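Novice: Pasting in a structure now, in structure tokens, and then I'll have a few things to ask.
The values are calculated or read from the model by the stated rules, or taken from the named source; none is laboratory data. Given the structure is predicted, the values throughout are model-derived calculations rather than measurements. Positions of Cβ are backbone-derived with ideal geometry, glycine not excepted, and every protein chain shown enters the neighbour counts.
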Amino acid sequence: MSAVLPKHIPVVREASPGLWALAWRRLRADRVGMVSLAVVVAFLAMMLASYAGLIAKDWNKERGVSYANPAFLAGAENLEAKEVTNKDFGTQAKPVDLSDIDPLAPRYKEWEERAAKIAVTEVKRAETLPFGGDKWGRDVLEKAIKGSEVSIFVGLTAALFATIIGTVLGALAGYWGGRVNDFLEWFYNIFTSIPYILLILAFAAVFKKGLDTIIVILALTGWTGIYRLVRAEYIKHCGREYVKAAQAIGASHFSRMFVHILPNASHVILVQLSQHVVQFIKAEVILSFLGLGVPVDMVSWGTMLAEAQNELVIGKWWQLVAAGASMAFLVTAFSMLTDSLRDALDPKLK
């Protein structure tokens with residue numbers, strides 16, 4: 001008796017992982033990349049919490065004495081705070097006797113003493129703060145957290161706009177070629193003929209200070225590198241078979257540019273976006289340090305560094321360390337994450 005074989009045996013096929021799944025798998029295997037990602041996510045969470053008012057809401061409040069020492073230097077003498085206190089509530093000049101011409105003159109001294117006691121009570125502030133205070137007694141740690149809100153927001157937003165501008169212009173030049181490419185190359189050469197930092201400073205000196213102005217300036221001056229790389233990617237992909245197949249089935253130019261080619265150039269765009277975030281954070285810090293960045297009623301890491309240069313003369317270093325260390329940690333983590341992203345998205349570069 002012969003065995004009866006089934007007419008149809010179903011075959012189970014496992015779906016192959018896509019580009020992003022493979023990239024995430026490679027990124028998870030990179031310890032340096034994952035640690036860098038954790039640091040970046042922590043800074044972004046801190047920025048969002050500051051924006052929502054959950055932390056550093058009262059950063060501008062005078063919590064301590066002038067140049068309050070950090071908590072780990074609680075026993076150190078603060079001569080600057082004593083000097084300010086003596087100036088405000090020190091001995092007054094001997095009053096002139098006005099009793100002959102003013103019957104209320106004997107009460108003046110009593111009123112002045114009462115007002116001085118009330119003032120001293122109202123300005124009673126902490127001698128130390130967790131990481132020290134600035135000239136006005138504001139908490140340096142809260143200033144650094146609030147400053148991250150401005151610096152990171154400017155870096156992210158400006159990098160996003162610059163990436164969009166560079167991607168669109170690069171796609172147009174690489175896909176169409178001809179006169180479109182010639183015009184955009186001429187436009188690109190105008191921007192790159194001027195040193196980058198001088199171009200930023202020139203725009204910053206002309207326009208009114210503010211977050212919107214800084215973002216616009218950085219976006220309008222930082223798209224050139226992205227444009228060059230995206231243009232090269234589009235020139236390379238326009239002749240590929242999948243693009244010709246899309247053309248054969250009647251896909252529009254827009255569809256071919258941004259539905260078919262763009263995903264295959266996305267790894268270059270993503271890496272450039274990450275690099276420009278780092279670049280623009282540093283640019284904002286430089287502009288604010290030079291007084292061309294955020295307004296005086298706002299705080300960023302750049303304004304903190306500008307204040308810290310005067311404080312170093314009298315030995316007050318904690319504001320410099322708070323702002324400098326915050327920027328160094330974030331920039332280093334973002335730079336290392338960019339390298340890991342590049343390797344994860346394009347393993348052939350290893």
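Novice: Which ones in the range 123-142 are out of contact with any Asp or Glu (no Cβ under 7 Å at 6 or more places or on another chain) and assigned to a helix (DSSP H, G or I)?
Specialist: Leu141, Glu142, listed by residue number.
Novice: Listed residues Pro263, Pro295; which is more than 30 Å from Ser36 (Cβ to Cβ) and either assigned by TED's automatic domain parsing to the domain that holds Ile226 or not in a helix (DSSP H, G or I) (or both)?
Specialist: Exactly one residue qualifies, and that residue is Pro295.
Novice: Six or more apart or on different chains, Cβ atoms under 7 Å: show the pairs whose first residue is in the range 252-265 and in contact (Cβ under 8 Å) with a residue 24 or more places away in the chain and closer than 10 Å to Tyr242 by Cβ and whose second is among the small types (Gly, Ala, Ser) and part of a helix (DSSP H, G or I).
Specialist: The qualifying pairs are Arg256/Ala246.
Novice: Within the bounds of the range 189-198, is there any residue that is crowded, with 18+ Cβ neighbours inside 10 Å and at pLDDT below 95?
Specialist: Our first condition is that a residue be crowded, with 18+ Cβ neighbours inside 10 Å; within the range 189-198, this holds for none.
Within the range 189-198, none of the residues are crowded, with 18+ Cβ neighbours inside 10 Å and at pLDDT below 95.
Novice: When you go through Gly155, Gly132 one by one, which is the residue that is at positive phi and crowded, with 20+ Cβ neighbours inside 10 Å?
Specialist: On inspection, the qualifying residue turns out to be Gly132.
Novice: If you go through the range 65-74 one residue at a time, do you hit one that is of a type in the set (Ser, Thr, Tyr) and at pLDDT below 90? Steps first, please.
Specialist: Restricting attention to the range 65-74, the residues satisfying the condition of being of a type in the set (Ser, Thr, Tyr) are 66-67.
Next cut, at pLDDT below 90 only: 66-67.
Yes: the range 65-74 contains one or more residues that are of a type in the set (Ser, Thr, Tyr) and at pLDDT below 90.
Novice: Among the numbered criteria (1) modelled with pLDDT under 90; (2) polar (S, T, N, Q); (3) in contact with a helix residue (DSSP H, G or I) (Cβ under 6 Å, 6 or more places away or on another chain), which single criterion is violated by Ser50?
Specialist: (1)
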